[in-house]
1. State all residues of the range 258-270 that are at pLDDT 90 or above, open to solvent by 30 Å² or more (accessible area, probe 1.4 Å) and of a type outside the set (D, E, K, R); if no residue qualifies, say none.
2. Take Leu163 and decide whether it is at pLDDT 95 or above and surrounded by 15 or more Cβ atoms within 10 Å (Cβ to Cβ).
3. Using the structure shown, decide if Ala241 is in a helix (DSSP H, G or I) and over 19 Å from Pro42 (Cα atoms).
4. For the range 137-177, what are the residues that are in contact (Cβ under 8 Å) with a residue 12 or more places away in the chain, assigned to a loop (DSSP other than H, G, I, E, B) and closer than 21 Å to Trp101 by Cα?
5. Please note which helices (runs of 4 or more DSSP H) are completely contained in the range 44-121 and include at least 3 residues that are open to solvent by less than 10 Å² (accessible area, probe 1.4 Å) and either modelled with pLDDT under 95 or within 26 Å of Val234 (Cβ to Cβ) (or both).
6. Please verify whether the range 4-24 includes one or more residues that are at pLDDT 65 or above, within 25 Å of His267 (Cβ to Cβ) and open to solvent by less than 70 Å² (accessible area, probe 1.4 Å).
7. Do we find that Arg215 is open to solvent by 70 Å² or more (accessible area, probe 1.4 Å), assigned to a helix (DSSP H, G or I) and touching a helix residue (DSSP H, G or I) at 6+ places or on another chain (Cβ under 6 Å) in this structure?
8. Just for the range 195-212: of the residues that are open to solvent by less than 20 Å² (accessible area, probe 1.4 Å) and touching a residue at least 24 places away in the same chain (Cβ under 8 Å), which one is nearest to Asp174 (Cα to Cα)?
Amino acid sequence: MIRVLLLLAFFSSCLPAQSGLQEDFQRAATLYQRGLYWGAEPYFRKVALARPAFGEAQFGVAMCLLKTKRYEESLSFFEAAEKAENPQAQFFGFHAECLDWLSRTDEAKKKLKRALEIDPDNFHGHFLKGVIAQREGDFETARKALEWCRRNDPKHIATAFQLASLLQRQGKLDEAEKLARVVVKLDPRHARVHYILAGIARRRGDKELARKELRTWRRLTAEYEARTKKQVQVDGYLALAFRFLNERKLERAVAYLARTLEVAPGHPQATSTLKELLLAFEQKGKGSSPLAMKIRSLVH
């Protein structure tokens, strides 16, 4: 995903420097690259509002919404990006992903087709094409797309997992196990791959190994669900924090950033935002105000 916005940052030169939009766009891209989607979104929105025809800014907003699971809200921004002059393949490819999340698969496939027409080497387009094809039982199309991805990025974990799952369903157990072991090596916390390994062991009649893999799958799944529950809580607090920041209600914003840190100590988004707020207070000579002191206690 970092590659997406690295490409976008190149296009900031299309913006008028004197307007400050270049700086806003570059800052948004940098925040996005660091995974700070809630922080990047307001800057992308600012540029998109000032330059509606600048597709890269519309796409930036859409991606922040997609990454924070606000799928319906992202659709209009994807559409705006696609209407810009010379739209990029990734605009259509990630629009397709969003539509697929919303179970609008037929529409997603049309967007994927357009993405690959613009750029036949679009990695994300091939990957999503393979995922959808496998889900629909079109194994030939799925394998062709996923093998293309595997050749182009052997360390892409999701590709290795999807291809292992496909090979298992086709009964090609040796190939499936080999790829599943690659996933385990690349991501020791990947839960679902152990379910595949359990299925392979069961089909081979190795009940002891199957039980072992199922135990690992259950343990990692429980850990994943705990992380997901925490992330949902953090996302909720951050959404409120940035809403109040945009409304200039700083005390309420700081309160929700503090709650974020209670749930996820050292959270990079909350920490960096609080540090920026503290710097702003200090630059205005208000570093000793009660709110600035509270912020200082949170970041130190």
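1. Residues of the range 258-270 that are at pLDDT 90 or above, as a first pass: 258-267, 270.
Of the ones still in play, those that are also open to solvent by 30 Å² or more (accessible area, probe 1.4 Å) are 259, 262-263, 265-267.
Residues satisfying the conditions are Val263, Pro265, Gly266, His267.
2. Details: at pLDDT 95 or above: yes; surrounded by 15 or more Cβ atoms within 10 Å (Cβ to Cβ): yes.
Taking the combined requirement at face value, the residue satisfies it.
3. Working: in a helix (DSSP H, G or I): yes; over 19 Å from Pro42 (Cα atoms): no.
Against the criterion (in a helix (DSSP H, G or I) and over 19 Å from Pro42 (Cα atoms)), Ala241 does not qualify.
4. His156
5. On the way: elements: 55-67, 71-82, 89-101, 105-118.
It comes to 55-67.
6. Within the range 4-24, the subset at pLDDT 65 or above is 20-24.
Filter once more, keeping what is within 25 Å of His267 (Cβ to Cβ): 24.
Add one more test, that the residue is open to solvent by less than 70 Å² (accessible area, probe 1.4 Å), and what stays is 24.
Yes, some residue in the range 4-24 is at pLDDT 65 or above, within 25 Å of His267 (Cβ to Cβ) and open to solvent by less than 70 Å² (accessible area, probe 1.4 Å).
7. Values: open to solvent by 70 Å² or more (accessible area, probe 1.4 Å): yes; assigned to a helix (DSSP H, G or I): yes; touching a helix residue (DSSP H, G or I) at 6+ places or on another chain (Cβ under 6 Å): no.
So Arg215 does not fit the description; no.
8. Just the residues of the range 195-212 that are open to solvent by less than 20 Å² (accessible area, probe 1.4 Å), to begin with: 196-201, 210.
Checking which are touching a residue at least 24 places away in the same chain (Cβ under 8 Å) leaves us with 196, 199-200.
Values: Ile196: 12, Gly199: 12, Ile200: 9 Å.
Among them, the one singled out is Ile200.
The values are calculated or read from the model by the stated rules, or taken from the named source; none is laboratory data. Note that this is a predicted model, so its numbers are computed, not measured. FYI the Cβ positions are ideal-geometry reconstructions off the backbone, even for glycines, and counts take in every protein chain you see. Calculation scope for accessible area: heavy atoms of the full protein, side chains included, ligands and nucleic acids excluded. Shrake-Rupley method; radii C 1.70, N 1.55, O 1.52, S 1.80 Å.
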